[in-house]
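Quick note: the coordinates plus some simple rules give every number you see, no bench work behind them. Every value quoted in this text rests on a predicted model; they were computed, and no experiment measured them. Glycine also receives a Cβ, built like all others from the backbone with ideal geometry; neighbour counts cover every protein chain displayed.
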Amino acid sequence: MVRPEVDLRLAEQLSAERLEEARRLTRGLGVDIVLADRFPLREPRPATLIAGGRLAWLKEVVADEAIELVVVDASLSPIQQRNLERSLEAKVIDRTGLILEIFGERAQTAEGRLQVELAALTYQRSRLVRSWTHLERQRGGAGFMGGPGERQIELDRRRIDDRITQIRRQLEDVKRTRGIQREARGRVPLPAVALVGYTNAGKSTWFNRLTRAHVHAADQLFATLDPTIRAVRLPTGERIALSDTVGFISDLPTQLVAAFRATLEEVLSATVVIHVRDMASPASEAQMADVESVLAELGLDRAAQERRVIELWNKVDRLDPAARATLEARIPGGRAVLGSATTGEGEAALLALVAERLGRFRTRMVLRVPVSDGASVAKAYRLAAVVDRRETERQVELDLDVPPENVDRLRRFAEAGAFDLELTATHERSAAS
């Protein structure tokens, strides 16, 4: 049983962590932070969220410091946002608006920009009602038709709806293109493995370490928005296609989850998902819950997560010896690895665990090839993971873990070469199939 003072201390840590996250998000816009503060809302006001005394204090601070932007780390209704802007005489944005602004600045590819624009338009559409000063204007008809015409808000909504429809068509094209690319990768099959995690957990740093690539990785929130895929070789000699994905965050706007669905399909199609966790953060458990919630929203239910997700407990180099010992004592065997993207600790163990987890979705077969036929041996290595290899004077005998998509291909290959192929065991079929 946890003592009350420990509960209070953890709550204080989590509150401070949330405030620091809000600071880092705001700094991501390139603005100077004049004041950052947190306070409890015992009775949130429907009109302004913030109660009268606190609002009066905030209004005074904004006026005295000539503050131009107020960021509220919560979800504001359109009415609350409008009323706060009128009262404070400054621009006000909420957590969703802040994240959308950052995504808008960070997206690099045409696809990423489309996804962010779709999310922003969906967000803006919900805020048209009574939120702009010109909404009561009337636009006249063609003259001979008479009538009051359309309100400006109706025209604005129609323009947004037209653009949303256009973007969705373009993203459908992107989705089809991604499907074609996945099919192409399937013809030269590499098992798909995806990195996921809370933003700034260290995914891109691990991606660079594992792939020897130079993907942008920075100590900032949402450093990666656009997916990247590279090949990585496992200890078995098998190559995998490793993808880096956008980071998740608590209260991730639903508009962004929907908009980035095409990108996040790389996660859904992956045989193994590596969940990178920042174990140096006091909010690590809460961040894990946020990531698992988004995965479930994408369609990866609890059972699928149990089968396909392994955890990489990152940033252990930042822990003191006592905290590390506590962590080591509770790490789930066969499901997680302690590591550090900075020092490289845990890299070999991670790749071995990925190979072991991939093996659960495979068919075990034994292939016997003449020792002189090096080309056929090399092809076997491309089609499957080689678990064991034995040689005699006449032949090479390979114990293979064959992915589901390559079982028939390997059979045809063996028949064409008149090689001896023996089925020894069938493991659990891929959750993606």
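Quick look at the values:
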item	result
Per-residue Cβ neighbour rank within 10 angstrom, fewest leading, 204, 372	372, 204
Residues 342, 271, 177 arranged by fewest to most Cβ contacts within 10 Å	177, 342, 271
Residue order, fewest to most surrounding Cβ atoms within 10 angstrom, among 290, 173, 32	32, 173, 290
Filtered GluC sites (Glu not before Pro), segment 322-394: DSSP coil and at most 12 other beta carbons within 10 Å	393
Stretch gain in nm, segment residue 155-residue 68, where the contour uses 0.36 nm per residue and the Cα spacing is subtracted	28.4 nm
Local electrostatic count at residue 336 - Lys and Arg +1, Asp and Glu -1, tallied over other residues with Cβ under 12 Å	+2
FRET efficiency, residue 176 to residue 108 (Cβ-Cβ, R0 22 Å, nearest 0.05)	0.55
